[in-house]
Amino acid sequence: MTNFCVFYSSITSSLIVNLMSSFMKYVQNLSIGHKIIVAVLAVNIIGIVLMASVLHTRSSTIQIASAMEGVSNMAGKHAEATKAQLDSVMSVGRTLAEVMQRFDSIQASDRRDILEVMISGVLNANPDFHGIWTIWEPNEFDGLDYQYAGQDGYDSSGRVHISYFRDKDGDIWRDEEPGQEYLNPGEGDYYQIP
């Protein structure tokens, strides 16, 4: 490859030298009027090439700046839309958390039923939600985990782990066999890591 480049470069250089030499001999044989015309044409051609080069560079810079501004505006609009959607979801989550913190005023034996109605109702009222779930530390919700241990909809500990989901047809269903993946490192980091 290097030999080819050197060979090509030497051919190009000798070609340019030959062309310039021929051109100079041609110009020497011209009358003074023709020499002036050739000089004016050469200056004009060089000026046009330089002007075209500057215009090209400036227009490229303007196009890049315009494209960057457009991308920035588009990203800003998408960020605002995403923020609005996340704020809506987070607002629902915060409201649920606030309500659940006040469950102490409800009789312990009624809390799980009320929680299930509340979670399924919130999911039903928000068609953009795909699921809502809550997991509580053992015996923190109502102190009745032992009564629910191993029953349908509960794991072997009986702790509150209620999950409702929406399927692709829009139907809402309760996960009747909650797993314990939240206890496994890695898979359960969402629960294990504060």
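The values are calculated or read from the model by the stated rules, or taken from the named source; none is laboratory data. Predicted model, so just to flag it, every value in this text is computed and none were measured. In this analysis, Cβ positions are derived from the backbone assuming ideal geometry, glycine residues included, and neighbour counts consider all displayed protein chains. Accessible surface areas use protein heavy atoms only, side chains included; no ligands, DNA or RNA. Shrake-Rupley method; radii C 1.70, N 1.55, O 1.52, S 1.80 Å.
Relative contact order of the chain, please, whole-number percent, based on alpha carbon pairs below 8 angstrom and at least 6 residues apart.
Computed over the chain, the figure is 10 percent.
Placing +1 on the Cβ of each Lys and Arg and -1 on the Cβ of each Asp and Glu in region 35-194, which of Val92, Met51, Ile135 has its Cα farthest towards the positive end of the resulting dipole?
Sorting the options by dipole projection puts first Met51.
Identify all lysines with a Cα-Cα distance to Lys25 below 20 Å; exclude those on the same chain that are fewer than 8 residues away in sequence.
Within reach: Lys35.
Just grab the label-to-label distance for Gln85 and Leu183, each label 7 Å out from Cα along the Cβ direction, in nm (one decimal).
3.6 nm
Which residues make up the longest stretch of the chain that has no trypsin sites (Lys or Arg not before Pro) in a DSSP loop with at most 12 other Cβ atoms within 10 Å?
1-101
From the phi of every residue in region 35-44, what ³J(HN,Hα) in whole Hz does the Karplus formula 6.51 cos²θ - 1.76 cosθ + 1.60 yield, where θ is phi - 60° and glycine or proline is x?
5, 5, 4, 4, 5, 5, 4, 4, 5, 5
Got a sec to turn the phi values of region 109-124 into Karplus ³J(HN,Hα) couplings, 6.51 cos²θ - 1.76 cosθ + 1.60 with θ = phi - 60°, whole Hz, x for Gly and Pro?
With the stated coefficients, region 109-124 comes to 5, 9, 4, 5, 5, 5, 4, 4, 4, 5, 5, 5, x, 5, 5, 5 Hz.
Quick one: give the max-minus-min coordinate of the C-alpha atoms of the chain along each principal axis, largest first, in Å.
So the extents along the principal axes, rounded to whole Å, are 115, 39, 33.
On average, how much accessible surface per residue is there in the chain, in Å², for a 1.4 Å probe, leaving out ligands, DNA and RNA?
Result: 73 Å² of accessible area for each residue.
How high is the relative contact order of region 86-194, in percent, with contacts defined as C-alpha pairs under 8 Å that are six or more residues apart?
Relative contact order, region 86-194: 18 percent.
Evaluate the charge dipole of region 152-194 about its Cα centre and quote only its size in Debye, nearest 20, assuming +1 on the Cβ of each Lys and Arg and -1 on the Cβ of each Asp and Glu.
200 debye
Relative to the Cα centre, what is the charge dipole magnitude of the chain, using +1 at the beta carbon of each Lys and Arg, -1 at the beta carbon of each Asp and Glu, and rounding to the nearest 20 debye?
Computed about the Cα centre, the dipole is about 2700 debye.
Starting from 0.36 nm per residue, how many nanometres of slack lie between Ser120 and Asp169 once their C-alpha separation is accounted for?
Value of the extension gain: 16.0 nm.
Please give the FRET efficiency for Trp133 paired with Ser60, using the beta carbon to beta carbon distance and R0 = 45 Å, rounded to the nearest 0.05.
0.25
Give me the number: length gained by fully extending Ala42 to Asp110, i.e. 0.36 nm times residue separation minus the C-alpha to C-alpha distance, one decimal in nm.
Fully extending the segment from Ala42 to Asp110 adds 14.9 nm.
Rule-of-thumb check for region 4-118: C-alpha Rg over 2.2 N^0.38 Å?
Working it through for region 4-118, the quotient is 2.87.
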